[in-house]
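Since every read-out is calculated from the coordinates, none of them should be taken as a lab result. These figures come from a predicted structure and were not determined experimentally. Positions of Cβ are backbone-derived with ideal geometry, glycine not excepted, and every protein chain shown enters the neighbour counts.
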Amino acid sequence: MGLIIVVQAIEEDIKMGLVPFFVGTTVGTTSCCSADNIKEIGPVCEEFDVWLHVDGAYAGCSQICPEFRYLFEGIEVRTADLLLNSLEFLTFTLMKKR
C-alpha cells in the first residue's frame, strides 16, 4: 500500500462527507510476505485521527530477530492494534523446509 494512495483515499472520503476511521496494513502477508511501510503510513493516520491496524499474523513473529525489526519501524507512532500468530509463522516455516 503506497502512502499517496492512503492519503488520496482519506481525502476523497472526507470530500464525499464520509468519516475515514480505519487503515489496515500488513507486515508479512501469508501468501508472499509483503509488508507495508508503517513508518510512512502511521503519521498519516495520526494526522487524520484514523485507526491503524497492523496484521503481522505470519511474519510479525519474526520481529524477535534483530535483522527483521526494520519492518516494524514506526509502529509506535499510531498503531492501534497488532495481530500476531506464532502458530501460523511456525507452520509455514516448517512446511517450507520440506
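Brief remarks on what is shown
- Phi-based couplings in Hz for segment 63-76 (Karplus 6.51, -1.76, 1.60; Gly and Pro marked x): 5, 5, 8, x, 5, 10, 5, 4, 5, 9, 4, x, 4, 7
- Angle of helix 86-96 to the longest C-alpha principal axis of the chain, folded into 0 to 90 degrees and rounded to 10: 60°.
- Leading residue at positive end of dipole, the chain (Cβ point charges), from GLN63, VAL77, THR26: GLN63
- Here the chain has an Rg and Dmax of 14.9, 52 Å, counting Cα atoms alone.
- Between the Cα long axis of helix 3-15 and the first principal axis of the chain there is an angle of about 40°, rounded to the nearest 10.
- 5 angstrom amide H check on ALA35, placed H, neighbours 5+ away: GLY28
- Under 18 Å from the PHE68 label point (7 Å along Cα→beta-carbon), backbone N, segment 20-48: 25-39
- If only the Cβ of Lys and Arg carry +1 and only the Cβ of Asp and Glu carry -1, the dipole of the chain around its Cα centre is close to 620 debye.
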